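Chemist: Got a structure here, written out as C-alpha cells. Questions coming.
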Amino acid sequence: MRAWLLPLLLLAACKPGGTSPSGGDASPGRDAARDEPGAADASALGALDGAALYSSLCAVCHGADGTGYRADNAPSLVNRTFLESATDEQLHRSIRDGRPGTAMAAYGTARGGPLDDKAIARIVTWIRGHGPAPMTIPPRAVGDAARGAPLFAANCERCHGTAKARGNAVHLANPRFLESASDPFIGWAIAHGRPGTPMEAWQGRLTDAQIDDVVAYVRALGKPPVAETLPAPTGKEPIVINPGGKAPTFKPRSTPCAPKVPCTPDERFVPVDQVKQALDEKRRIVIIDTRPPSDWMRVHIAGAVSIPYHDLKRLDEVPNDGTWVIAYCACPHHLSGEVVDALRKRGVKHAAILDEGIFEWQRRGYPIVAAPGVEPPQGLFPPNGAGSAPGTPAKH
Ligand code: HEC
Ligand code: HEC
C-alpha cells in the first residue's frame, strides 16, 4: 500500500513547547521523539520504535505518559490494575481493532489503519514498560445477567452508559471490548477498581456473587453484531465537492477569550448545520475526514476525503485559492484541529473545524456514506453529558 508518513511537524506545532524539526535529521527513536508528541520527521511508521509510535499516534488522547484523559476521555493505559489483568493479546487487539463508534480508531492494517502487527507489538511493549506484567487472574463463577442488570443501572450506568450510549468512561458494551476482555479481567476491574481514577474498587460494597452477576450483565450488553466496512480509500477520491459551485458563506465561531487575558479571537469552528446547508446549496467546498482510514471506512460525511492526521500527503492537493476546507473527527476538535493548523501553515486561510464532529452530524441524519449495519451513535449518557467521570471532553 502507500507509505504511511508522519507529518509530525504540525503535531509538534500545536503543543506548547513543541519543536519544529527543521531538516531530515530526526532519526526514529531519538530522545525528542520520546518526549514531544510528534517530534520526529516524516519517516515511515514501520521504522519507528514503540516510544516514537506512541508519542506520534496515541499521546494526543492517552497522554504522553499513558495516564489518559488528554482528550476524548481516553482511559489510562498504564494503571496498575489494568496492566496486571490485561494480556498482551488483549492490548494488541484493542489497538488493532479499535472501539468502533468511539474516538478509539482501529490502527491495524487489516482494518485500514496504519500499523502492522510488528509495529503494534512495539507499542504494546512500550505500554508494558510502564507497569506490572500480567498476572494469572483467578477465574470467576458464572453470574446471572438478570440479577446484574439492576446493580449495573444503580452503580455503573452513570459513568459507563447503557448498551447503546457511551458515558464518560470506557464503553463496556462495545463489541470489540467484549471480544478482547475476559470475564476475569472485567471482574478484576470491578473488584479492584483503577486506583487514582473515578473507578473505585467495588469489592466489599458488592458481594462476590453480585460482582459475578454484574460481569454476566456486562457480557450480555454486547450482542449487536459488528458492522461491515466500506472499501478502503484509494487516494484518488476527488478533493473538491461541487467544483463549479459558489463559495459558502460560513460564520465560524471562536473560543471565547479568557477574561482580562489579551487574545485575538480565532474563528475556527463551523457548526454542522452551516456545512449541511452549504452541501444542500451545492457550494464549492472540501471536507476532510482526519481520522484513521478505518473510521472513514465505517462511516464518513458524504463527499469527505480521507486525509488522516498521521498521513497528510493529500493536503498537497487541497487548492489554496480561497476554497473553504472543513476538517472533522469524532472528538470533535483534536485531530481536526491538527489538520486545520497544518492547512493554515500552508497558507490555506479558509480552513475550519466541524464544530460538533461527525457523530453529531450522523445523529442529525445529515448525509453520510456508511457501511452496512453502522448505526447512528446515541447521545452521551446521561443526555446532557453531565457524568461524574473525569473531565468533560476536552475542547480547544
Ligand atoms: C482520538 C483519541 C484516541 C487516540 C488517538 C487513541 N486512542 Fe486509544 N482509546 C481512546 C478512547 C476514547 C478509548 C476508550 C474507548 C471507549 O470509549 O470505550 C481508547 C481505548 C484504548 C485501549 C483500551 C483500553 C482499555 O482500558 O480497555 C487501548 C489499549 C488503546 N486505546 C491504545 C491506544 C494506542 C496504542 C493508540 C495509538 C496507536 C491509541 N489508543 C490512540 C482514544 C484514543
Ligand atoms: C464514577 C464513575 C464510574 C463508576 C460509578 C464506575 N466506573 Fe468503571 N470505570 C470508570 C473509569 C473512569 C474507568 C477507566 C479508568 C482508567 O482510566 O483506568 C473505568 C473502568 C472500568 C472497567 C475497565 C475497562 C477497561 O477496559 O479497562 C470496568 C470493567 C468497569 N469500569 C466496570 C464498572 C462497573 C461494573 C461499575 C459498577 C459496579 C463501574 N465500573 C462503576 C468510571 C466509573
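Chemist: Select the helices (runs of 4 or more DSSP H) contained entirely in the range 152-240, then report the ones holding at least 2 residues which are away from ligand 1 (no atom under 15 Å from the Cβ) and not assigned by TED's automatic domain parsing to the domain that holds Ala327.
Modeler: Helices (runs of 4 or more DSSP H) meeting the threshold: 208-220.
Chemist: Just to be sure, is Ala191 more than 10 Å from ligand 2 (Cβ to nearest atom) and either charged (D, E, K, R) or crowded, with 17+ Cβ neighbours inside 10 Å (or both)?
Modeler: On the way: more than 10 Å from ligand 2 (Cβ to nearest atom): no; either charged (D, E, K, R) or crowded, with 17+ Cβ neighbours inside 10 Å (or both): yes.
No; evaluated as a whole, the condition is false for this residue.
Chemist: Do we have any residue at all in the range 105-118 that's under 19 Å from the mean Cα position of the chain (by Cα), surrounded by 22 or more Cβ atoms within 10 Å (Cβ to Cβ), within 15 Å of ligand 2 (Cβ to nearest atom) and modelled with pLDDT of 95 or more?
Modeler: No, the range 105-118 has no match at all.
Chemist: Among the residues of the range 242-263 satisfying the criterion of being among the polar types (S, T, N, Q) and more than 24 Å from Lys282 (Cβ to Cβ), which is surrounded by the fewest Cβ atoms within 10 Å (Cβ to Cβ)?
Modeler: Among them, the one singled out is Ser254.
Chemist: Specify which of the listed residues (Ile137, Ile211, Ile186) is touching a Pro at 6+ places or on another chain (Cβ under 6 Å) and within 13 Å of ligand 2 (Cβ to nearest atom).
Modeler: Ile137
Chemist: Taking the criterion of being modelled with pLDDT under 95, away from ligand 2 (no atom under 14 Å from the Cβ) and either under 30 Å from Gln210 (Cβ atoms) or surrounded by 17 or more Cβ atoms within 10 Å (Cβ to Cβ) (or both), would at least one residue in the range 90-100 satisfy it?
Modeler: yes
Chemist: Still on this structure, please answer the following. Condition first: more than 13 Å from ligand 2 (Cβ to nearest atom), in a helix (DSSP H, G or I) and not acidic (Asp, Glu). Can you find one or more residues in the range 68-87 that meet it?
Modeler: no
Chemist: Taking only pairs six or more apart or across chains, which ones have beta-carbon atoms under 7 Å, a first residue in the range 286-302 that is closer than 19 Å to Val348 by Cβ, and a second residue that is among the polar types (S, T, N, Q)?
Modeler: Val286/Thr323; Asp289/Ser306; Thr290/Ser336
The values are calculated or read from the model by the stated rules, or taken from the named source; none is laboratory data. Just so we're clear, the structure is a prediction, and the values are computed from it rather than from any experiment. Backbone-built Cβ (ideal geometry, glycine too); neighbour counts: all protein chains shown.
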